[in-house]
1. Which residues among segment B:81-103 fall inside the zone where the amide N is under 18 Å from a point 7 Å beyond the Cα of B:ASP237, along Cα→Cβ?
2. In segment B:151-231, what percentage of the DSSP-assigned beta bridges are antiparallel, given to the nearest 5?
3. For a quick check of your reading of the filter: which trypsin sites (Lys or Arg not before Pro) in segment B:60-106 sit in a DSSP loop and have no more than 15 other Cβ atoms within 10 Å?
4. Using every Cα-Cα pair within segment B:314-355, state what percent have a distance larger than 17 Å.
5. Loop-only check: which GluC sites (Glu not before Pro) in segment A:176-239 are DSSP coil with at most 14 other Cβ within 10 angstrom?
6. First select every other residue whose beta carbon is under 13 angstrom from the beta carbon of A:PRO188; then total the charges, Lys and Arg +1, Asp and Glu -1.
7. Using the 4.7 Å Cβ rule, please list in number order the cysteines from chain B without any candidate partner.
8. When the convex hull of the Cα atoms of segment B:66-254 is projected onto a plane and the area is averaged over all directions, what value comes out in nm²?
Amino acid sequence: MHIVVCIKQVPDTKNVRIDPDTCTLVRQGVESIVNPHDWYAVEAALLVRDQYGGKVTVLTMGPPQAEEALRETLALGVDEAVLLSDRAFAGADTWATSLTLARAITKLGPVDLVICGKQAIDGDTAQVGPGLAAHLDQPYTTYARRLELVDGCQLRAERVTDAGYELIQMPLPAVVTVVREIGDPRMPGLKHKMRARKQEIPVLGAADLGLKPEEVGLQGSYTQVVRVFSPPPRCDRKMLNGSVEEQVEQLLNLLKEAKIPGL
Amino acid sequence: MKAIIDGEKCVACGECLEVCPVDAIELEDDLAQVDDTCTLCGLCVEVCDYEAIGLPELRREDTEDLESYKGIWVVAEHHNGEVHSVSFELLGAGRNLADKLEVELAAVLIGDQLEQAASQLVGHGADRVYLVEDPALMPFNDESHANVLTELIQSKKPEILLAGATATGRSFIPRVAVAVETGLTADCTGLDIGEDGLLYQTRPAFGGNVMATIICPNRRPQMATVRPMVMRRPGFDGQRQGVVERFTPRPEAIDSRVQVLKTVAEHQETARLAEADVVVTGGRGLQVPENFKMIEDLALLLDGAVGATRSVVDEGWMPHSHQVGQTGKTVSPKLYLACGVSGAIQHVVGMQGSEIIVAVNKDPHAPIFDVINYGVVADLFEFVPAFIKKIKEDRGAPKLHSRRMSGNPKFEV
């Protein structure tokens, strides 16, 4: 059983925010973190490996320093890590990202199961997991909270929906995205931490994956960002004052003016 | 690929260094220099007062016959034939786009026994409904629905396709976009047609701290998922006429490797959170789980949903289905009322799209007050009951009347 987990190193969203007084963008310090949702994907893979045996490889596409994110996952007991890094990868949209990851997975193959977090916190698109499945032409499901193998060749997943859950079954190889109910990420172990520091992490570029520069990064993308701007600021902040009764009265009037249904 | 600095305009003020989330910019020789860690996020472009920074552009290609793609499509989401409200909202947004481009607005319905749903879509503005019916297409299945939609797109060639950014839409639309080899923008909150006739898709990024406008210049259809509760839902006109066109996909398109063994209804709240006009959220300021009753009472009174912060979910006071924030749900109701919520950024990113945010907190320095419209510095144990009482008083007579109408014997005269 070979499981590949795709992770992303993201800027901590805490570092990018609007100053409420000046209504401009501010950033405090540079801190890159492993996308929080991806920890659940790593945990899901380790749970499957613990139960059924096999090997877990963590894969990421990013700048050279994304290696750090991979080492953090090795410290949890992940077996291998691979970094996809190339100047040509910059500016990739979800199409180009999922194509690049899919090529890497094919190269690592045979892979039985690909696990991703439900989305990344910088883009929040949730498109790479399903996109990967399409590029690999594999069945997939999203928002899984429990994974189980049936007869060694079928994956059964409980998929969280808006109203409850669905029980899904599909043949391997397959792709799933998981949610936090899958289980809290384990703590790094001392032995794994030591190994994580030293383990060699192969770095692959576009050419290694058989991709031309125009198939990856911005030039391989179908969408393009044309403008980035601050959201209309909530700079009409108003603090109410007076006694509790007075504030209650003011708030009710303000909300009625705003035509909030039910008031 | 990286951001492009115009040496003529750059004054080396250093503003862009401050904002770069990956620390890719440095000042060298009195000029900002961008290194290869640049992810083309565009934050520096926005912050530069001298318009000295640009992003590289996609090459415009003419390889495809883009002109042969016509019309706006809305993929209608439904549960056993009951159309999801976001689909009506999309018909409202789609109508604006269709009128600007002077093209037809069509809805796509995939499932079984959907005649009733089709007439609902026509009544809300669809000129045409592409109807695909087969018992095997119920219940919803990512793979078969993606296959069918892919075939329909390849056959009828729309220029723009919109779907709801619901759990369902965000799950199966990305597969369709890859299958038809086009771009897809997730979770849009604004759509417009530019002077060049392209769809300009605006969406929040970096947890809603910035907005990005995105285009798909070289591929068709231009595809977007759109956040529920953002677009205005059009009125229903029972007299409206539209064409219902049936489409029969190849039988193999309906086959799916993915089997839905069963569907279990667990809780109503998650759905309610995403769709409610009012969300009342409780945080650690409630002190003990029993006090959530007060939050539930207020939510009930306003026909709203109950939200919770991560810390109270972690404490086990509320199930995770109620959690709003980075690892929970993103909500954008008309009114978000946060009670005893400190306002950690991980919470704020899940609710800052709300139209009006009100916070009640006894700490005047709580960060939640940075993102509010109306702030109340008060003891929530005094404020919330007083607010509930006031709303009830305010409703006064009509409330009594409606209770009598509903047959509550207490108010019989």
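Laboratory data are not the source of any read-out in this text; all were calculated from the coordinates shown. What you see is a predicted model; the values in this text were computed from it and never measured. FYI the Cβ positions are ideal-geometry reconstructions off the backbone, even for glycines, and counts take in every protein chain you see.
1. Hits in segment B:81-103 for B:ASP237 at 18 Å: B:88-103.
2. About 55 percent, rounded to the nearest 5.
3. Loop-located and lightly packed - B:ARG60, B:LYS70.
4. On the way: 229 of 861 pairs.
Above the 17 Å cut-off, segment B:314-355 has 27 percent of its Cα pairs.
5. Numbers: sites: A:GLU181, A:GLU200, A:GLU214, A:GLU215; in loops: A:GLU200.
The qualifying sites are A:GLU200.
6. On the way: positive: A:ARG71, A:ARG186, A:LYS191, A:LYS193, A:ARG195, A:ARG197; negative: A:GLU43, A:GLU72.
Its environment carries a net charge of +4.
7. So, B:CYS10, B:CYS13, B:CYS20, B:CYS38, B:CYS41, B:CYS48, B:CYS188, B:CYS216, B:CYS339.
8. Values: hull surface 40.0 nm².
Over all viewing directions, segment B:66-254 projects a mean Cα-hull area of 10.0 nm².
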